[in-house]
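Below is one structure; the comments refer to it alone.
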Amino acid sequence: MAQLNRVRLMASLKFLVCALFYGDYPALAGRCAQSLAALRATGMVDMRVGLNEVSAASAALVDAALPGVEQVRAEPQLYKYPMMRRLVHGYQGDATHLMWFDDDSCLDSGLDVARWLALVGQRAQMTEGTTGSVYRRAQSDAEHAWIRAQPWFTGRPFPAETVFNTGGWFMAPLALFRRFDWPPLSLRHNGGDVALGALCHQQGLAVLDCTGGVAINAGDSLAESTAPRRGFSEPALGLP
């Protein structure tokens, strides 16, 4: 019976895979695009990609790896969260969950992608919140004031550290994004992952760990969170 229930759960899950490419970084663009191509080859996902000020060399690699995949191109760039908003809320298909990639995240080489997709899908279905690599960060008084002003704030006391999934790769139900109109129009580039963790805390939604098979914000060594920061940077949530 338990196995039958797992099969039924997976039958109801489908990922919208979205990725954000930025700038003139063809090695990263090609690495990420090949991972997306492997996911697409399973026939089990929908896909949309965003290109923020992407160079001709990087765009050519994305186009070659992902022919026919819907793209949103921006010159000048929209920054991360306005692009995420376009990719997610512009989607009209039947996927149930978002799987997000920054362009410096990729799948491990030699991965059985279809099996991995089924496994992470099972994990994602265990929460109405988010799933990915878990981090913790104390938020500032200014961030707390921003949270209090949000329509999803419930008055739940702030934790000493907010638990969140780092934004380079994560999964979330599309219903979560639609219910709370996430990401908000006020969010531009930095701090959105911690803010989404704060939303989950306020709403009593679990933030789960799931990391195997994917290198998140990875440099050449493929170790997590080793990729150099690139492009635009700002204080969390654009706050002073």
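The values are calculated or read from the model by the stated rules, or taken from the named source; none is laboratory data. Keep in mind it's a predicted model, so treat the numbers as computed, not measured. In this analysis, Cβ positions are derived from the backbone assuming ideal geometry, glycine residues included, and neighbour counts consider all displayed protein chains.
Give the range 107-139 a look and list any residue that's surrounded by 15 or more Cβ atoms within 10 Å (Cβ to Cβ) and part of a loop (DSSP other than H, G, I, E, B), or say none.
L111, Q125, T127, E128, G129, T130, Q139 - these are the residues of the range 107-139 that are surrounded by 15 or more Cβ atoms within 10 Å (Cβ to Cβ) and part of a loop (DSSP other than H, G, I, E, B).
Hey, does the range 64-79 have a residue that's of a type in the set (A, V, I, L, M, F, W, C), on the phi < 0 side of the Ramachandran plot, part of a helix (DSSP H, G or I) and surrounded by 18 or more Cβ atoms within 10 Å (Cβ to Cβ)?
Checking the range 64-79: at least one residue is of a type in the set (A, V, I, L, M, F, W, C), on the phi < 0 side of the Ramachandran plot, part of a helix (DSSP H, G or I) and surrounded by 18 or more Cβ atoms within 10 Å (Cβ to Cβ).
Out of the residues in the range 120-153 that are among the hydrophobic types (A, V, I, L, M, F, W, C) and free of Cβ contacts under 8 Å to residues at least 24 places away in the same chain, which is nearest to P235 (Cα to Cα)?
The residue in question is A145.
Scan the range 174-229 residue by residue and report those that are closer than 22 Å to D24 by Cα and among the charged types (D, E, K, R).
R188, D220, E224, R229
As an exercise: evaluate G191 against (1) in contact with a strand residue (DSSP E or B) (Cβ under 7 Å, 6 or more places away or on another chain); (2) buried (at least 22 other Cβ atoms within 10 Å of the Cβ); (3) at pLDDT below 95 and give the number of the one condition it does not meet.
Answer for G191: the failing condition is (1).
Can you name the residue in the range 16-38 that is touching a strand residue (DSSP E or B) at 6+ places or on another chain (Cβ under 8 Å) and not in a helix (DSSP H, G or I) and is also surrounded by the fewest Cβ atoms within 10 Å (Cβ to Cβ) among such residues?
Here the residue is G23.
Of all residues in the range 164-205, which are of a type in the set (K, R) and closer than 13 Å to L237 by Cβ?
Matches in the range 164-205: R188 only.
Is it the case that L185 is surrounded by 18 or more Cβ atoms within 10 Å (Cβ to Cβ) and touching a helix residue (DSSP H, G or I) at 6+ places or on another chain (Cβ under 9 Å)?
In short, no.
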